[in-house]
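The values are calculated or read from the model by the stated rules, or taken from the named source; none is laboratory data. All figures in this text were calculated on a predicted structure; none of them were measured in a lab. Every residue, glycine as well, gets a Cβ built from its backbone with ideal geometry; the counts of neighbours run over all protein chains shown. Note: accessible area is taken over every heavy atom of the protein model, side chains too, but ligands, DNA and RNA are not part of it. Shrake-Rupley method; radii C 1.70, N 1.55, O 1.52, S 1.80 Å.
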Amino acid sequence: MSRDSVLALQDLCVYFPLKRGAFRRSRQFAYAVDGVTESVGRGEILALVGESGCGKTTVARAVLGLTKPTSGSIMLQGVDMAQAPHKVRQEAGAGVQVVFQDPASSLSPRMTVHDIVAEPARTRGRPDGESLKSKVLELLDTVGLDTQHLWRRPHEFSGGQCQRIAIARALASDPYLVVLDEPTSALDVSVQARILTLLSALRDARGISFLLITHDLAVAQCMADRVAVMYLGRIVEKGPTHAVLSNPLHPYSVALLASVPSPDPTQRSGAAVLGGEVPSPVNPPTGCRFHPRCPQRTDICSHTDVRLREVSDGRSVACHLAPETPVGA
Amino acid sequence: MRLLFSDRLACVGVALIVVVLMVGLLAPYLAPYPEQGRGQSNLTERFEAPNGQHLLGTDNYGRDVLSRIIYGARIPLVMGGAVLIGCLGVGVPLGGVAGYYGGRVDEAIMRVTDVFLAFPSVLLAIALVAFIGPSLKNTAIALIICWWPWYARLVRGITVSTRTRQYVESARVSGVSNLTVVRRHILPATIGPVVVSASLDLGAVIISAAALSFIGLGAQPPTAEWGLMMNEGRPYILDAWWIATFPALAMFVLVLSTNLLGDGLRDALDPRSIR
């Protein structure tokens, strides 16, 4: 873990209790996130990928402070968000912002664009009035909107424009880390590309780090410096984007890549699509969590748990069968 | 607002309510016999049928029914307003706290409302008034006690659904304080439904208050109150029908107009019609 990391997760676990009766304490938990260790460096874009229900959004919510972690630690710029004094935590937390998936519900329908964008800046004690307005205009300009949009409300904008407003809002408090929770999933492909270009430009211009949550490997590929693949609450493989996506080592990553539709019918891979469903996070499988669906499982997979181990420079994989030194790495 | 006034029935409702308010305010100038409106009896002219001198006849004490109805117009809207304001004052904060904080606080507050709602509300109001003594003020208090849980529930429901909206979550991520989040994002979401619900309840509250007066647990004689007047005219309904009928008609018109206003507000504030 580099010392320059703005976000460091150490063995993060988030369990949700189930079936809370009026008088009974719950004994069952959904293991939404189960031991995630990861870090994001300054100006780095880390993509968390995986299918729905794998816990990637829960990681994001924990980082944002919207969900309390069950155990493990979250360090934001070296501040432990579980233990540091309130003031220090507030200061560190204020530099983390979020862009949600659905811009229609992440912007208040009752507020004007000006008020939406100004809200985070106001809580940081910026003066009202003209200086605030010029700051908002500057932010709108950064994301490609202008003065004529200032006093409108979100319902007057298209999805892509709303997402630009959400990005402007996220930038308003001069954040060092922005969590992007499926930032382009609700948008048309052409709009997606423009938003992603905007985000990349912001990273280059301002040195902001991004934690990108997505199920879209194409988005991860064009944005991220590093990728972490999640399955059932755990990271099963991580490493530099290019290495992981061009030469996946974990059978799940292989299957995930194979499931991406190819535009060229002659290039279709013969790889089998995974059978079965994602097991319930309430009763995760013993041993390797992926073994019931794994095409290459052996005896050891079903009874021995497997942890991430480093296989080459910056690449880790959680699989019994992964070679010590990957081919072509 | 513009939408509300484009609805003709709602306009009629608003107009009638304004008329009733004005009549109540100007009662001393409008009533032909202001003294009798305040309760002075006139035993020489008992049970006179509607005629040129007494347009709506006189009652068993010889008082002009029209004057009494005009004076009685002061009570129901004030009563309804006071009860609803009381309900909002108790119900909105409790519902908001329950919905926003959730967990044990929520459980506690909602179980209390369950207890209140499990009771037949009119019976509860009767019991309360009988306990604290009949008067207009006590009627209002009893009705507030019976009615606030509805508002607590309504506000709690809206708060719960608004709190998990992403724009509220991103406000919290931005470090906006709880109080500000509630004020800026959650209360505005509750205003529409609460206003509609209150305006629809206004008629029901007016009727309940009059019902308590009718059974002798509200306004006391010689106050001119429509429910009480109906009760006073009840023994003579066959011989002197006008004593009970005209207050009842006044009541009917007022409650109808509050319901028209409520329906109009509901349509006007429907999110589908504005955004």
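Key figures for this structure:
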quantity: B/A buried area, accessible surface, summed, 1.4 Å probe, Å²; calculated: 1800 Å²
quantity: Spin-label pair A:TRP151/B:ALA49, simplified geometry with 7 Å Cα→Cβ offset, distance in nm; calculated: 6.7 nm
quantity: Inter-chain Cβ neighbour average for residues B:170-183, partner chain, 10 Å; calculated: 6
quantity: Per-residue SASA entry for B:TRP150, accessible area with 1.4 Å probe, Å² rounded to 10; calculated: 140 Å²
quantity: Alpha-carbon centroid distance for the pair region B:95-124 / region B:203-275, whole angstrom; calculated: 29 Å
quantity: Coarse-grained scattering of chain B at q = 0.10, 0.14, 0.15 Å⁻¹, given as base-10 log I(q)/I(0) from a Debye sum over alpha-carbon atoms; calculated: -0.61, -1.00, -1.09
quantity: Equivalent ellipsoid, chain A (semi-axes from 5 times Cα gyration tensor eigenvalues, Å); calculated: 36, 24, 19
quantity: Number of partner chain Cβ atoms within 10 Å, mean per residue of A:93-100; calculated: 4
quantity: Protein accessible area in region A:167-241, 1.4 Å probe - carbon and sulfur %; calculated: 52 percent
quantity: Ratio of Rg to Rh over the protein assembly as shown (Cα coordinates, Kirkwood Rh, two decimals); calculated: 1.16
quantity: Cβ crowding within 10 Å averaged over residues, with B:72-81, B:118-127 ranked highest first; calculated: B:72-81, B:118-127
quantity: Distance (nanometres) between label positions extended 7 Å along Cα→Cβ at B:GLN220 and A:VAL260; calculated: 8.4 nm
quantity: Two-site FRET efficiency, A:GLN10 against B:LEU4, from Cβ-Cβ distance with R₀ of 56 Å, rounded to 0.05; calculated: 0.45
quantity: For residues of A:109-120, the mean tally of beta carbons on other chains within 10 Å; calculated: 3
quantity: Label-point gap, in nm, between B:ALA15 and B:ALA127 - each point 7 angstrom along Cα→Cβ; calculated: 4.5 nm
quantity: With DNA, RNA and ligands ignored, accessible area of A:ARG122 (1.4 Å probe; Å², nearest 10); calculated: 80 Å²
quantity: Protection proxy ranking of A:136-143, A:238-245 - average other beta-carbon atoms within 10 Å, highest first; calculated: A:238-245, A:136-143
quantity: Accessible-area value, B:VAL176, 1.4 Å probe, nucleic acids and ligands omitted, Å²; calculated: 10 Å²
quantity: Translational diffusion coefficient (Stokes-Einstein; Kirkwood radius from C-alpha pairs) of region B:76-214 at 25 °C, 0.890 mPa s, in µm²/s; calculated: 155 µm²/s
quantity: B:ARG234/B:VAL78 FRET efficiency (R0 30 Å; Cβ-Cβ; nearest 0.05); calculated: 0.75
quantity: CD proxy at 222 nm, helix term only [per DSSP H run n ≥ 4: -39500 (n - 2.57); per residue of the protein assembly as shown; nearest 500]; calculated: -15500 deg cm²/dmol
quantity: Cβ-placed point charges (K, R +1; D, E -1), dipole of the protein assembly as shown about Cα centre in debye, nearest 20; calculated: 820 debye
quantity: Using a Förster distance of 22 Å, the FRET efficiency for B:TRP241-B:PHE119 (Cβ separation, nearest 0.05); calculated: 0.05
quantity: Lys/Arg +1, Asp/Glu -1 at C-beta; region B:76-214 dipole; positive extreme among B:MET79, B:ALA118, B:TRP150; calculated: B:TRP150
